[in-house]
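The numbers here are math on the coordinates, done by the rules we state, and not lab data. These numbers were taken from a predicted model, which means no experiment stands behind them. Positions of Cβ are generated from backbone atoms using ideal geometry, with glycine treated the same way; all protein chains shown enter the neighbour counts.
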């Protein structure tokens, strides 16, 4: 039995199209699957077949469905480049991240050069990320920079967005399926350079990171540390204190700092951890070598060696990725773009 669906609004065919968008995005109509006939859709949405046909015309123009005589209408997602524009770029990112402002400033500067408007969406707290992204898509925005950080989203939602015509660039995380462009710091190189510059193999070495294996950049950095300093020890700080390090508590902070003070070298996966522990009295009492990824004010005064992320170069790469995805005949192929950091 066909489920009846209610749609409202002056532009009925657009409403029908949007409802089919949703069914495709959420997997009710998988790629390659048949969708109901015009007659069935008209009955489902309580509209005329003329309205349904207009909605299907739009979907076919957008390369989301294909209609073949004798075979009916099927979902036919196109994961390649499409002819589009860069008038509006949407960024979904964590505003609480210590490096958010640097990333936004770099992207905004590059966008201004092209007269593009940048819209920012804070990463959602109370709704699933996939729902947030679909809302952006349904509003007609077709350029997305996604910095998901610790948020989880099944990868198939991102792939469907791409197949439905959205140009997508992942920031700070690679795409395992090689369907989406990604731009990130060359994390492996950054940790290797820190270990070499700090002579981490000379004496004892500790590595301090957030305890969150689901964040790709943290995982890559820790794996690289194990390879670069096989004898090193790893300290994982509970991720619940992320973005609120001041809540770590004096006893917990003192305990970690006391243990770290026994090492000749301490490497921090992220800048906020370096500033937190290097400023602790227990570490200041004993000279040691320290380094971290990401410059934060005060690091030089504490003598911390820093590999900074090159946000302008990352922004250049992000915009280039979006431009190539918006050029229909550009021979676009998804790439994982690794941007080297630089010493500070």
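Between residue 156 and residue 138, the modelled label-to-label distance comes to 2.0 nm, taking each label 7 Å out from Cα in the direction of the beta carbon. Comparing region 57-180 with the 2.2 N^0.38 Å rule of thumb, its C-alpha radius of gyration ratio is 1.15 (two decimals). Take every pair of alpha-carbon atoms less than 8 Å apart whose residues are at least six positions apart; their mean separation over the length of the chain yields a relative contact order of 18 percent. Once region 246-344 is represented by equal point scatterers at the alpha-carbon sites, with solvent omitted, what log10 I(q)/I(0) does the Debye formula produce at q = 0.22, 0.24 Å⁻¹? Taken in order of the listed q values, log10 I(q)/I(0) reads -1.07, -1.19.
So for the pair residue 301, residue 113, with labels modelled 7 Å out along Cα→Cβ, what separation do we get in nm? Label at residue 301, label at residue 113, 3.4 nm between them. With distances taken between every two different alpha-carbon atoms, the chain has a Kirkwood hydrodynamic radius of 22.5 Å.
Computed over region 187-308, the Cα gyration tensor eigenvalues convert (square root of 5λ each) into semi-axes of 19, 17, 14 Å, ordered from largest to smallest.
Placing R0 at 45 angstrom, the Cβ-Cβ distance between residue 18 and residue 336 gives a FRET efficiency of 0.85 after rounding to 0.05. With 0.36 nm allotted per residue and the present C-alpha distance subtracted, the residue 60-residue 258 stretch has 64.9 nm of extension available.
Extension gain, residue 67-residue 223: 0.36 nm per intervening residue step, less the Cα-Cα distance, totals 51.3 nm. Neighbour counts of C-beta atoms inside 10 Å place 183, 344, 266, 234 in the sequence 344, 234, 183, 266, starting with the fewest.
By the compact-protein rule of thumb, 2.2 N^0.38 Å, the alpha-carbon radius of gyration of region 12-75 corresponds to a ratio of 0.99.
A crude spin-label estimate for the pair residue 87 and residue 251, with each label 7 Å from Cα along the Cβ direction, gives 5.9 nm. Per-residue ellipticity at 222 nm computed for the chain from its helices equals -11500 deg cm²/dmol, with DSSP H segments shorter than 4 residues left out and the rest contributing -39,500 (n - 2.57).
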